Every structure is written in C-alpha cells, then in structure tokens.
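K.L.:
Just dropping this structure here.
The values are calculated or read from the model by the stated rules, or taken from the named source; none is laboratory data. Fair warning: this is a prediction, and the values are worked out from it, not measured in the lab. Here the Cβ positions follow ideal geometry from the backbone for every residue, glycine too, while neighbour counts run over all protein chains shown.
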C-alpha cells in the first residue's frame with residue numbers, strides 16, 4: 001500500500017508536467033476547433049463549421065497530399081543516407097575513439113540554428129548561386145537551373161539536411177548493439193556481405209530504423225518554416241496552412257486543421273508500430 | 001602423406017602489429033580426432049582457432065585441410081565450421097531458421113532446408129523447440145542449436161571456442177558428454193579450445209598445450225598428463241608437483257607421493273595444509289627451499305596416520321614416477 005503511494009508520488013512531477021503542458025493544450029485545441037469565427041471575432045460554440053470547411057475544400061487535400069509526399073520522400077532519403085552513415089560508423093570504423101570523433105563531426109551542423117542552416121542554402125542554390133555558376137563554368141548546363149531553389153527540390157534538400165542525423169543516431173545505436181560474433185557467424189555460414197546485410201544487420205536494426213522513421217515523419221509533417229523559406233512561399237504543407245490561419249487570427253480554423261494533422265500523424269505512427277513492436281525490441 | 005581431411009598447421013603465425021599472438025606453430029590434427037587446445041588466457045589458442053576458421057587473417061605460414069591450402073579461403077569454403085563461445089545465435093530467427101541459415105545463404109529452397117534443419121535438430125534432440133526464438137531457450141539448449149547450426153554444413157572439422165564456459169558446472173559435465181557422443185557418431189575432427197584442464201582430459205584424444213604463443217607440448221591425452229615435458233605443462237595440467245632438485249626439475253604426480261615418517265623418505269617437509277576432498281585428502285608440505293609439495297592420499301590411508309599442520313613428515317616416491325622436466 002505505502003509502496004503504491006510512493007510510486008504515485010514518484011510519477012507525479014512528470015505526470016503533472018505532461019498534463020499541464022501537453023494534455024491541457026491539446027484539449028484546448030480540440031475545444032477551440034469547434035468554436036466559431038467571424039472576420040473580426042471568435043466565439044465559443046460547438047459547431048462543425050471548421051471541419052466542414054476543411055473537408056469541403058480541395059486545397060486541404062492537395063496540402064495534405066503534399067505533406068505526406070514530403071514526409072515519404074524525406075523518409076526514404078534520410079533512411080538511405082542515415083543507414084549508410086550509421087553502417088560506416090558502426091562496422092567500418094574499428095576504433096571506438098574514431099567512432100566517437102566521427103560521430104561528433106556529424107553533430108557539428110547542429111551547433112547552429114535550424115533557420116541559419118536552411119537560409120545558408122539560398123545563396124548556394126539561387127539563380128546566380130554557387131551551384132548554378134559552377135555548373136555553367138564547367139559547361140554542364142547553359143542556363144541556370146530554375147528548379148534548384150524555391151521548389152520541391154530545395155524543400156526536400158533542406159529536410160534531408162536537417163533531419164538525417166535523427167535517422168543516423170537510432171540506427172547507429174541499434175547497430176552498436178549487434179554482437180560482432182553474429183557477423184562472423186553469418187560469414188561462417190557462407191553469407192556474402194550483401195546477404196549478411198539483408199538477413200542479419202537490417203532485421204536487427206529494425207527498432208532503430210523505426211525510431212528514426214518516427215522522428216523524421218513527425219518532424220517533417222509538423223514543419224512549416226522549412227517549407228516557407230525553401231519554397232519561397234510557393235509550396236504549402238499543413239503546417240503552413242495552420243500558421244497562415246494563426247497569422248489571420250483564425251484560431252478555430254487553425255485548431256481544426258491541427259486536430260486533423262494530429263490524427264493523421266497518430267495514424268501513421270500507429271501503422272508503423274504495427275509493423276515493428278518497438279517495446280519488445282528495445 | 002597427408003590423409004584426406006587431416007588438418008595441418010605449418011609455421012602458422014599471427015602478428016598484431018608488434019605483438020606475436022601465435023609464433024610459428026606446427027601441428028597435424030589427424031582426421032576424426034577430438035583435440036583440445038589448452039592454455040592460459042592470451043596464450044594464442046583462440047587466435048589459432050580463429051585462423052583455422054578463417055575469421056582471422058594468417059600473418060605467415062599455412063593451414064592445410066585435406067591436401068588443400070585453405071589459409072586464404074573464406075570461412076565457408078574451408079570445410080570447417082565454428083561454434084562460437086557465446087553461441088552467436090541470430091536473435092531474430094527461430095531455432096529452425098538459425099540452423100538452416102547456411103543453407104538459405106546457399107540458395108537451397110525452403111522445404112529442403114527445413115527438412116535438413118529438422119534432421120539436425122533431431123540429432124541434438126531439439127525437435128520440439130524448432131519454432132522458438134533463441135531468447136526463449138536455456139543455455140544448454142542454445143548450445144545445441146549452435147552445434148546443429150555448425151554441423152549442418154557437414155564440415156570436416158568442427159571448431160569450438162570455449163563452448164562450455166557459459167554453462168553452469170552441472171550442465172557443463174552433461175554437455176561435454178554430449179559433445180563426445182556427437183563427435184564419435186559423426187566421426188569428424190573436433191578442435192576444442194578451452195582453459196579448463198579437466199574439460200580437456202575428459203574430452204580429448206589429443207591435447208595441445210600452448211603457452212606464450214607457442215605449443216608447449218602436444219600428444220595423446222595420457223602422454224601429456226603423465227609425462228609432461230616442461231614444468232609449465234606439469235603445473236597447468238594439474239595433479240603434479242614440480243620439484244627443483246639438485247639434479248634438475250622433476251614432475252611428480254601428487255597421488256604417487258608416499259608420506260613416511262620424518263627422515264624415512266627422500267625429503268622432509270613441514271605440513272602447511274590439510275584439505276579434505278571427499279575421496280582423498282590433499283596434504284601440502286613445505287620442503288627445503290620453500291617449495292610446496294602436495295601429496296594426494298586416499299582418505300582411509302590418511303585417517304590411519306593423521307597429520308596436523310606444523311608436523312614434520314617424510315616424502316618418498318618411486319623412481320619410475322619422477323619425470324625430469326625442463327624449467
């Protein structure tokens with residue numbers, strides 16, 4: 001009995017923090033999403049106008065599709081790059097000293113803020129930027145490439161740049177826990193390097209891949225600033241929809257979009273968790 | 001003439017930078033032998049085994065298996081299979097898939113490889129657990145899976161790296177009986193690395209004692225135990241006293257020591273310890289020069305003339321039991 005009380009008390013601080021700063025705001029958002037709004041005011045109500053408008057507008061579907069597209073492409077690229085980097089760190093670099101050193105190098109870009117890292121792409125990719133002028137001077141192209149900046153390309157480039165490390169870290173962690181003798185056992189059983197990768201390393205990295213996937217998809221789906229900057233406000237995702245509403249003080253409408261986005265992300269994560277039981281694998 | 005599937009090591013050397021882990025060793029393992037490589041940790045026995053398996057590159061010399069130089073072949077092409085110390089079972093695969101792993105890598109189709117895996121599991125009496133995952137098995141069961149997985153490739157030589165060290169003492173004795181049974185049934189060579197001399201004595205036809213990157217002595221198990229060539233082998237195999245006498249070092253089996261009245265034996269000693277071991281009593285005495293000598297006597301004999309620590313006794317032995325050894 002007293003043991004139970006102690007346990008409750010121990011859990012209480014974290015529970016209160018989560019309640020106050022996570023659950024309460026979400027409940028608030030859900031409540032506001034049913035409120036009504038005019039051009040100049042918002043008023044408490046319980047009506048489905050916001051949702052009706054949201055699901056009735058073709059823009060919503062385009063924007064949600066765009067968001068999922070960004071998430072999917074970014075996920076595929078970060079997974080490819082992240083897995084390769086993690087593999088190199090975990091299996092090709094033999095000494096722990098070098099592993100730590102190289103790992104820290106991977107984190108260096110994170111010493112500057114997101115926005116600065118993003119904006120620094122602009123002079124590089126711009127019409128008369130480094131990339132275009134270099135390609136022209138090499139004679140690869142005659143006219144500057146227009147799609148380098150303010151396009152899906154630049155948005156995804158920035159996403160991959162920003163979030164690859166979130167894939168590297170959990171996969172690297174999974175790989176470091178693979179017993180070296182398993183790789184030898186695979187070799188002993190006649191597995192080629194490729195077979196070892198497919199039959200031993202990838203299955204054992206699944207939890208890491210899954211955690212990285214959750215990081216990247218939630219970050220990309222919730223993002224709005226990257227899309228705004230890197231597309232020069234020419235592309236939209238759900239985050240931008242919400243931020244536009246907020247800047248117009250249309251809180252009920254923004255809340256409704258946020259609720260739909262939250263549900264979408266939860267469904268995606270739910271599907272992912274069905275594929276791999278992370279709790280079992282941790 | 002090397003007979004088919006004899007394994008021969010020729011001037012085999014392993015260097016890690018400046019340190020020499022295995023120093024130009026030579027030995028021939030006859031086909032179908034149960035050989036134990038024995039030695040203290042860091043003596044080079046594991047490096048030797050890993051070189052034979054192909055998990056460690058050969059710095060110098062060669063490994064010949066059945067007239068074929070396998071020194072630079074990949075592990076699976078050598079005709080050897082390795083059983084790892086911690087079993088190295090794939091945690092994401094069932095017992096059956098673990099055993100069938102090498103067949104799967106070789107591209108053998110599912111029904112065939114499951115059939116052969118089931119045969120192997122029958123050999124190690126694990127048929128009932130075929131669908132379990134490794135983390136649902138006990139230590140002894142994991143070991144059998146590892147054994148089945150190694151044997152499914154039909155190797156000519158099975159290499160075992162301290163296979164019993166992760167088991168509790170009771171299970172260790174049962175598993176070693178099983179290893180011996182399997183080796184006899186299959187008729188292939190087993191090369192077993194261990195640091196336990198009782199394990200080596202119980203299992204081996206042939207013992208290779210290694211120390212400081214070299215083979216100290218190799219030969220049939222009784223020969224190595226009864227006529228150790230060096231003081232190190234005598235001490236490491238246990239059951240021996242090594243005495244430094246004016247005429248040189250000699251090794252004496254402690255159960256051949258005869259306890260007599262003072263001055264009636266070859267040397268006198270003062271009892272420093274009496275240890276009851278069930279069937280025997282181990283009497284430790286300090287003789288001239290501070291050397292300790294242990295006499296192992298049947299407990300009935302001891303009870304006729306019990307000794308107390310501090311008492312002076314004589315120690316005698318027959319000439320036939322004294323083996324000169326090099327220091």
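K.L.:
Condition test on residue B:36, is it touching a strand residue (DSSP E or B) at 6+ places or on another chain (Cβ under 9 Å), more than 14 Å from chain A (Cβ to nearest Cβ), surrounded by 17 or more Cβ atoms within 10 Å (Cβ to Cβ) and part of a strand (DSSP E or B)?
P.N.:
yes
K.L.:
Can you tell me which residues in the stretch A:203-216 are free of Cβ contacts under 8 Å to residues at least 60 places away in the same chain and either facing chain B (nearest Cβ under 10 Å) or touching a strand residue (DSSP E or B) at 6+ places or on another chain (Cβ under 7 Å) (or both)?
P.N.:
A:203, A:204 - these are the residues of the stretch A:203-216 that are free of Cβ contacts under 8 Å to residues at least 60 places away in the same chain and either facing chain B (nearest Cβ under 10 Å) or touching a strand residue (DSSP E or B) at 6+ places or on another chain (Cβ under 7 Å) (or both).
K.L.:
Still on this model: Which numbered condition in (1) surrounded by fewer than 17 Cβ atoms within 10 Å (Cβ to Cβ); (2) within 27 Å of residue B:23 (Cα to Cα) is the only one that residue B:278 fails?
P.N.:
Single failed check for residue B:278: (2).
Here is a yes/no grid of residues against (1) more than 22 Å from residue B:201 (Cβ to Cβ); (2) surrounded by fewer than 22 Cβ atoms within 10 Å (Cβ to Cβ); (3) in contact with a strand residue (DSSP E or B) (Cβ under 8 Å, 6 or more places away or on another chain):
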residue: B:28; (1), (2), (3): no, yes, yes
residue: B:43; (1), (2), (3): no, no, yes
residue: B:52; (1), (2), (3): yes, no, yes
residue: B:62; (1), (2), (3): yes, yes, yes
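K.L.:
Would you be able to tell me the number of residues in the stretch B:74-103 that are facing another protein chain (nearest Cβ under 8 Å) and part of a strand (DSSP E or B)?
P.N.:
2
K.L.:
What are the residues in the stretch A:187-202 that are more than 29 Å from the chain's Cα centre (by Cα) and more than 10 Å from chain B (Cβ to nearest Cβ), if any?
P.N.:
The answer is A:193, and nothing else.
Here is a yes/no grid of residues against (1) closer than 26 Å to residue B:210 by Cα; (2) modelled with pLDDT under 90; (3) in the same structural domain as residue B:87 (by TED's automatic domain parsing):
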{"residue": "B:148", "(1), (2), (3)": "no, no, yes"}
{"residue": "B:157", "(1), (2), (3)": "yes, no, yes"}
{"residue": "B:163", "(1), (2), (3)": "yes, yes, yes"}
{"residue": "B:166", "(1), (2), (3)": "yes, yes, yes"}
{"residue": "B:171", "(1), (2), (3)": "no, yes, yes"}
{"residue": "B:175", "(1), (2), (3)": "yes, yes, yes"}
{"residue": "B:184", "(1), (2), (3)": "yes, no, yes"}
{"residue": "B:189", "(1), (2), (3)": "yes, no, yes"}
{"residue": "B:194", "(1), (2), (3)": "yes, no, yes"}
